[in-house]
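For reference, the structure discussed in these notes is given below.
The values are calculated or read from the model by the stated rules, or taken from the named source; none is laboratory data. These numbers come from a predicted model, not from an experiment. Glycine also receives a Cβ, built like all others from the backbone with ideal geometry; neighbour counts cover every protein chain displayed. Just so you know, the surface numbers come from the protein's heavy atoms only, side chains and all, with ligands and any DNA or RNA stripped out. Shrake-Rupley method; radii C 1.70, N 1.55, O 1.52, S 1.80 Å.
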Amino acid sequence: MDYDSYPSCSLDARRQAQAGRDNIYLPDQAVIRKIIRENSLVNTYELTLVDELANHRFSFEPGQFMMISMPHLGEAPISFSSSPDSKDGFSLTIRNSGRLTAAVQKLRPGDIIGVRGPYGRSFPTDRLKGKNLLFIAGGIGLAPLRPLIEQRLAQPDETGSLTLFYGSRTPEDFCFNRDFSRWRQDGLDLRLTVDQAAEEWNGPVGLVTGLLDGFPINDGTMALVCGPGIMIRFVLEQLQAMGMEAENIITTLERHMKCGVGICGHCHMEEKLVCIDGPVFTAAEIPDPENP
Ligand SMILES: Cc1cc2nc3c(=O)[nH]c(=O)nc-3n(C[C@H](O)[C@H](O)[C@H](O)COP(=O)(O)OP(=O)(O)OC[C@H]3O[C@@H](n4cnc5c(N)ncnc54)[C@H](O)[C@@H]3O)c2cc1C
Ligand code: FES
């Protein structure tokens, strides 16, 4: 690999690369194959590692994340949003929320970003087999759940019922709406809600928790919850009030990260490190359920 031709590789990283490639912080190059606009703030980037061998060997599990980087703009953790079984690389769905992610929004197909990973604890895919899965997502929170939804839909013999309750601010803000009709055809019971009504919207208006009223929960039901912290908090409370065991409720948590690999302590959540003990946790494992 020619690191001099890779602008997102810092001088230090370049020196380390020349000294030998055993630096865990050294990013790989990923080329943007395609950009899909999800809404005014969110794009999905379809990526392939430039190194063909690395690309061939690359794999990840639903729920894991990558550290992405650009020159002089640092790094940020971003969840995988594509099927883990895809043979065409992987997708990351990124919201413009700060310095790095704003710069990523200016990139075009053919441009390069730095990536390292995959990192973190994935969803417990073996435990989920055969269960009735209730996915609950808010906004871009559908991104980390999408690989799992795709994986379960592709294995109907090992899957119970699949339900997705998905809430967004307005109808224009839903991510992955191009998937909705295929998912429904494949057997996903998908129900949408929005915070703000719009003229062309005939569905429910209100928080995603409103969709939970009357949902049948039994021993074979497991819930997977992802979205803003406040949404996670209220959904977890409601599911447990409806009789769900905390061990059967799984969520993904976000904390600011630096190393992504359990070294710097930046992402601590009491005695846990979100980057290696998570980002996937059961509700029973969250130290402070009022501040997930
Ligand atoms: C496991 C994991 C998975 C994630 N997956 C995704 C994903 O799939 N898509 C996505 O868009 N985002 C995802 N995120 C969130 C994303 O990593 C952050 O939004 C990241 O900070 C964006 O980087 P930035 O440099 O663009 O913004 P930043 O400059 O980091 O700013 C983002 C926001 O954080 C605030 N902030 C910055 N530093 C700190 C700090 N030290 N303490 C408190 N607040 C601070 C800023 O004021 C701003 O409001 C994920 C986070 C985690 C932990
Ligand atoms: S980000 Fe460094 S320990 Fe988690």
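Tallying residues that are assigned to a loop (DSSP other than H, G, I, E, B) and touching a Gly at 6+ places or on another chain (Cβ under 9 Å) within the stretch 45-57 yields 0. Of the residues Gly187, Gly139, Gly160, which single one is among the small types (Gly, Ala, Ser) and at negative phi? Being among the small types (Gly, Ala, Ser) and at negative phi holds for just one of Gly187, Gly139, Gly160, which is Gly160. Residue-level check: of (1) of a type outside the set (Lys, Arg); (2) free of Cβ contacts under 8 Å to residues at least 40 places away in the same chain; (3) more than 30 Å from Leu192 (Cα to Cα), Asp126 misses just (3). Within the stretch 215-234, the set of residues being free of Cβ contacts under 8 Å to residues at least 12 places away in the same chain and farther than 19 Å from Arg95 by Cα comprises Pro216, Asp219. When the test is whether a residue is open to solvent by less than 30 Å² (accessible area, probe 1.4 Å), within 16 Å of ligand 1 (Cβ to nearest atom) and closer than 29 Å to Ser83 by Cβ, Ile232 passes it. Identify, please: which residue in the stretch 231-247 is more than 24 Å from Ile140 (Cβ to Cβ) and of a type in the set (A, V, I, L, M) and is, among those, nearest to the chain's Cα centre (by Cα)? Only one residue fits best here, namely Ala246. For the stretch 249-269, check the following and say yes or no: at least one residue is acidic (Asp, Glu) and surrounded by fewer than 15 Cβ atoms within 10 Å (Cβ to Cβ). Within the stretch 249-269 (the criterion being acidic (Asp, Glu) and surrounded by fewer than 15 Cβ atoms within 10 Å (Cβ to Cβ)), the answer is no, since none of the residues qualifies. Do we have Ala154 as of a type outside the set (Lys, Arg) and either more than 16 Å from ligand 2 (Cβ to nearest atom) or touching a Gly at 6+ places or on another chain (Cβ under 6 Å) (or both) here? Taking the combined requirement at face value, the residue satisfies it. Restricting attention to the stretch 271-283, does a residue exist that is near ligand 2 (Cβ under 6 Å from one of its atoms) and assigned to a strand (DSSP E or B)? Yes; the residues of the stretch 271-283 include at least one that is near ligand 2 (Cβ under 6 Å from one of its atoms) and assigned to a strand (DSSP E or B). When Gly220, Gly265, Gly229 are checked against the criterion of being on the phi > 0 side of the Ramachandran plot and of a type outside the set (S, T, N, Q), Gly265 stands alone in meeting it.
When only residues in the stretch 86-102 that are more than 8 Å from ligand 1 (Cβ to nearest atom) and modelled with pLDDT of 95 or more count, which is nearest to the chain's Cα centre (by Cα)? Checked the stretch 86-102; the qualifying residue nearest to the chain's Cα centre (by Cα) is Ser91.
Of all the residues in the stretch 63-78, those that are buried (at least 20 other Cβ atoms within 10 Å of the Cβ) and either on the phi < 0 side of the Ramachandran plot or polar (S, T, N, Q) (or both) number 11.
Take Ile250 and tell me if it is assigned to a strand (DSSP E or B) and either away from ligand 2 (no atom under 16 Å from the Cβ) or at pLDDT 95 or above (or both).
In short, yes.
Scanning the stretch 79-95 for residues that are open to solvent by less than 20 Å² (accessible area, probe 1.4 Å) and of a type in the set (S, T, N, Q) returns Ser81, Ser82, Ser91, Thr93. For Asn291, the requirement of being loosely packed, with under 14 Cβ neighbours inside 10 Å, touching a residue at least 60 places away in the same chain (Cβ under 8 Å) and out of contact with any strand residue (DSSP E or B) (no Cβ under 6 Å at 6 or more places or on another chain) is met. When Phe60 is tested against (1) within 21 Å of Pro279 (Cα to Cα); (2) hydrophobic (A, V, I, L, M, F, W, C); (3) open to solvent by 10 Å² or more (accessible area, probe 1.4 Å); (4) assigned to a strand (DSSP E or B), only condition (4) is not met.
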